[in-house]
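Here the structure is laid out as structure tokens; the discussion comes afterwards.
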Amino acid sequence: MHISIDKEANAQVSALLFRARAAQQIANDYDQSRVDELVAAAGWAMIETVRNRELAELAVADTGIGNVEDKVRKNYRKTFGLLRDLQGAKSVGVIAEDTALGITEIARPVGVVCAITPSTNPAATPANKIINALKGRNAVIVAPSPKGWATSARLLQFIHAEFDRIGAPRDLVQLLPAPISKAATYALMAACDLVVATGSQANVRAAYASGTPAFGVGAGNVAGIVDETADVALASERIIRSKTFDNATSCSSENSLVVVDAVRGATIAALQALGAVLLTQAEKEKLQAVMWPNGKLSSDVIGQSATTVAQRAGLTDIAARQPRILLVEESGVGPEHPFSGEKLCPVLTLYGASDFEQAMARVNEIYAFQGAGHSVGLHSALPERALRLGLELPVSRVIVDQAHCIATGGSFDNGLPFSLSMGCGTWGKNNFSDNMNYRHYLNITRISRPIAERMPSEDAIFGSYFSKFGRA
């Protein structure tokens, strides 16, 4: 991938980097207590009630994506949950010692972080990356999407005000100036010490091509399975809650639902009782024409409510019913079947399956087209089926009996780390499969001391091999 960087962009980025490196050298001398004050300051800048709502309102006004109340909840829960995860976590000096192995681990900063952030979460995602970067005594420069710039800029104003209160350098957290250009973003990627990229796959590929160590996330296109043992009413409530949250802007929102035939009718009825509307074939065709006018998902539907999507598709009777989600039935997968891909709005594709084996095969087929590595949802009374999915599907997370988009990035009722950047492993062309967390923003130095020799015999290593195959 060729990335062109002009002189003006280089000069702009160089000035930011100079200030960031000076500020990072100050933070490099902070102890754990001082670092945790930085983290608290950035967190409070985000979740204080008045500021949180202002950021949510600004995000929706500027991007036209999502809805205010859900963004208020997302800003709060994701940030507060991250602060919970970081509380007591060691990120300065000695962070671990293993006397048996003679190993001491020391946390070191990575330096200056370039944070690429999307228009879908112009406050929550930058805040998450900023807080994680600060936990490691790093400086961070945010490169937001053009639509999200004003929201990110306001967030930084709030953070700087909190830094002023505690006497920390503002230049620890900076923002590419508007207007955001690809040239400046690419120049920042190339000049910083670590890139963390969330958003379009074009930005992720650019991050990997920048020559700078980079973490990028894979494409979303999450599928969920409802098997014949599921509590259909509970499953439907969780699916609706996930698919409607922030108008399905999350990469973790279900895009397809594979339902075993034995509970198909009951599941559709339960979804309809909660406000879903199942489209006819003719209505589906009208919707497809609006959603993919040129073979590419239209920005006119991204992050819009189901009512708005129906209106824009000319489905006036459907829109008048104020649906919570739109359901479309599908039997195919791939480019000729666009509903099998990611939709970023409250449109959910329904597939049938004769049994769990066929349901799993269908999800595998969907991920071969789009979304490999991300996650899969399961609604089932059989715990062993989650293990099957984890062993056989190309996914980094299996979300069992939960509202998928809320659970995947960490929740107060599951054990996943709070994050808005989910690695998708090599399946999703990523170099990690975790929920991105503060340890990804650290260099770790290891001291090795001598211990008593622990060299095994050949029989201890090869005994079972020799007994089965012989020594010759």
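The values are calculated or read from the model by the stated rules, or taken from the named source; none is laboratory data. Predicted, not measured: the structure shown is a model, and the values here were computed from it. Here Cβ is always computed from backbone atoms with ideal geometry, including for glycine, and neighbour counts include all displayed protein chains.
Here is how the numbers come out for the structure above:
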quantity	calculated
Any chance Ile318 is β-branched (Val, Ile, Thr), under 23 Å from the mean Cα position of the chain (by Cα) and either surrounded by fewer than 20 Cβ atoms within 10 Å (Cβ to Cβ) or assigned by TED's automatic domain parsing to the domain that holds Arg362 (or both)	no
Looking only at region 271-307, and only at residues there that are exposed (fewer than 14 other Cβ atoms within 10 Å of the Cβ) and of a type outside the set (S, T, N, Q), the one that is farthest from Glu342 (Cα to Cα)	Ala273
Residues of region 441-462 satisfying the condition of being in a loop (DSSP other than H, G, I, E, B) and either of a type in the set (Lys, Arg) or surrounded by 11 or more Cβ atoms within 10 Å (Cβ to Cβ) (or both)	Arg449, Ile451, Arg454
Selected residue (criterion: farthest from Asn75 (Cα to Cα)) from residues of region 246-269 that are in contact with an Asp or Glu (Cβ under 7 Å, 6 or more places away or on another chain) and buried (at least 24 other Cβ atoms within 10 Å of the Cβ)	Asn255
Hits in region 285-304 - residues which are farther than 24 Å from Gln201 by Cα and in contact (Cβ under 8 Å) with a residue 60 or more places away in the chain	Leu287
Check on Ile399, closer than 30 Å to Thr99 by Cα and of a type in the set (Val, Ile, Thr)	no
Residue ID - modelled with the highest pLDDT, chosen from residues in region 139-198 that are among the aromatic types (Phe, Trp, Tyr) and farther than 12 Å from Ala123 by Cα	Phe163
Strands (runs of 3 or more DSSP E) fully within region 72-187 counting 3 or more residues that are hydrophobic (A, V, I, L, M, F, W, C) and either assigned by TED's automatic domain parsing to the domain that holds Glu37 or within 24 Å of the chain's Cα centre (by Cα) (or both)	93-98, 103-109, 112-117, 139-144
Any chance Asp231 is surrounded by fewer than 22 Cβ atoms within 10 Å (Cβ to Cβ) and touching a residue at least 24 places away in the same chain (Cβ under 8 Å)	yes
Looking only at region 12-43, and only at residues there that are touching a residue at least 60 places away in the same chain (Cβ under 8 Å) and not in a helix (DSSP H, G or I), the one that is surrounded by the fewest Cβ atoms within 10 Å (Cβ to Cβ)	Asp31
Residue check, Leu420 within 17 Å of Glu357 (Cβ to Cβ) and out of contact with any Cys (no Cβ under 7 Å at 6 or more places or on another chain)	no
